[in-house]
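Trainee: Sharing a structure below in structure tokens format, with a few things to ask.
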Amino acid sequence: QVQLVESGGGLVQPGDSLRVSCVGAGNIFSIRNMGWYRQAPGKQRELVATISIAGRINYADSVKGRFTVSRDNAKKTIYLHMNSLKPEDTAVYYCNFAAPPYTTWGQGAQVTVSS
């Protein structure tokens with residue numbers, strides 16, 4: 001199992017920006033396609049965005065144009081930059097492999113968007 005640690009969540013107002021980070025062990029981001037996921041209260045976990053080993057990025061329609069994924073291999077970190085946040089973006093955000101089988105899920109980063 002590969003350990004992934006998310007951080008950077010917080011409480012923001014609608015329209016604000018926030019960045020969450022995911023640190024991975026070893027060179028995992030160089031050998032596995034990765035995904036950002038979120039789980040809102042009472043809802044199933046959903047895929048938000050993916051970034052391939054080659055750097056190809058795809059976004060869910062709900063975040064396209066507002067969220068951006070980036071990766072820093074030297075820091076063993078992937079980022080999810082979130083702009084124009086909406087209340088419906090409120091969720092716990094996780095990183096994991098882009099497709100199953102997944103590694104152990106981390107604790108996630110809580111993002112709350114509220115006025």
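Trainee: So if I check each of Gly55, Gly106, which one is part of a loop (DSSP other than H, G, I, E, B), small (Gly, Ala, Ser) and in contact with a Phe, Trp or Tyr (Cβ under 9 Å, 6 or more places away or on another chain)?
Mentor: Gly106
Trainee: Among the residues of region 24-36, write down those that are more than 11 Å from the chain's Cα centre (by Cα) and either basic (Lys, Arg) or surrounded by 12 or more Cβ atoms within 10 Å (Cβ to Cβ) (or both).
Mentor: Gly24, Ala25, Ile28, Phe29, Arg32, Asn33
Trainee: Which of the residues belonging to region 37-64 are on the phi > 0 side of the Ramachandran plot and open to solvent by less than 80 Å² (accessible area, probe 1.4 Å)?
Mentor: Gly55
Trainee: Can you tell me which of (1) free of Cβ contacts under 8 Å to residues at least 60 places away in the same chain; (2) surrounded by 15 or more Cβ atoms within 10 Å (Cβ to Cβ); (3) in a loop (DSSP other than H, G, I, E, B) is the one Thr68 doesn't meet?
Mentor: It fails just one condition, (3).
Trainee: Against the definition (on the phi > 0 side of the Ramachandran plot, touching a strand residue (DSSP E or B) at 6+ places or on another chain (Cβ under 8 Å) and in contact (Cβ under 8 Å) with a residue 40 or more places away in the chain), how does Lys86 come out, yes or no?
Mentor: Here the answer is no, as Lys86 does not meet what is asked.
Trainee: Also, I was wondering about something else. Restricting to region 29-52, give me the number of residues that are without any contact (Cβ under 8 Å) to a residue 60 or more places away in the chain, assigned to a loop (DSSP other than H, G, I, E, B) and not basic (Lys, Arg).
Mentor: Residues that pass the stated criteria total 5.
Trainee: State which residue pairs qualify: first residue over 16 Å from Thr68 (Cβ atoms) and inside region 9-25, second residue open to solvent by 70 Å² or more (accessible area, probe 1.4 Å) and among the small types (Gly, Ala, Ser) in any location, beta carbons under 9 Å apart, and separation of 6 or more residues or different chains.
Mentor: Listed pairs, sorted by first residue: Gln13/Ser115; Pro14/Ser115.
Trainee: Residues in region 77-84: is at least one open to solvent by 70 Å² or more (accessible area, probe 1.4 Å) and over 11 Å from the mean Cα position of the chain (by Cα)?
Mentor: Going through region 77-84, the residues open to solvent by 70 Å² or more (accessible area, probe 1.4 Å) turn out to be none.
No, region 77-84 contains no residue that is open to solvent by 70 Å² or more (accessible area, probe 1.4 Å) and over 11 Å from the mean Cα position of the chain (by Cα).
Trainee: Within region 1-22, track down each residue that is closer than 14 Å to Tyr94 by Cα, of a type outside the set (D, E, K, R) and open to solvent by 70 Å² or more (accessible area, probe 1.4 Å).
Mentor: Gln3
Trainee: Let me ask something else about it. Quick check, is Thr112 surrounded by 15 or more Cβ atoms within 10 Å (Cβ to Cβ), more than 11 Å from the chain's Cα centre (by Cα), assigned to a strand (DSSP E or B) and touching a residue at least 40 places away in the same chain (Cβ under 8 Å)?
Mentor: yes
The values are calculated or read from the model by the stated rules, or taken from the named source; none is laboratory data. The structure presented is a predicted model; accordingly, all values stated were derived computationally and were not measured. With ideal geometry, Cβ positions are generated from the backbone for all residues, glycine too; neighbour counts draw on all protein chains shown. Quick note on the areas: whole protein, heavy atoms, side chains included, nothing else; ligands and nucleic acids left out. Shrake-Rupley method; radii C 1.70, N 1.55, O 1.52, S 1.80 Å.
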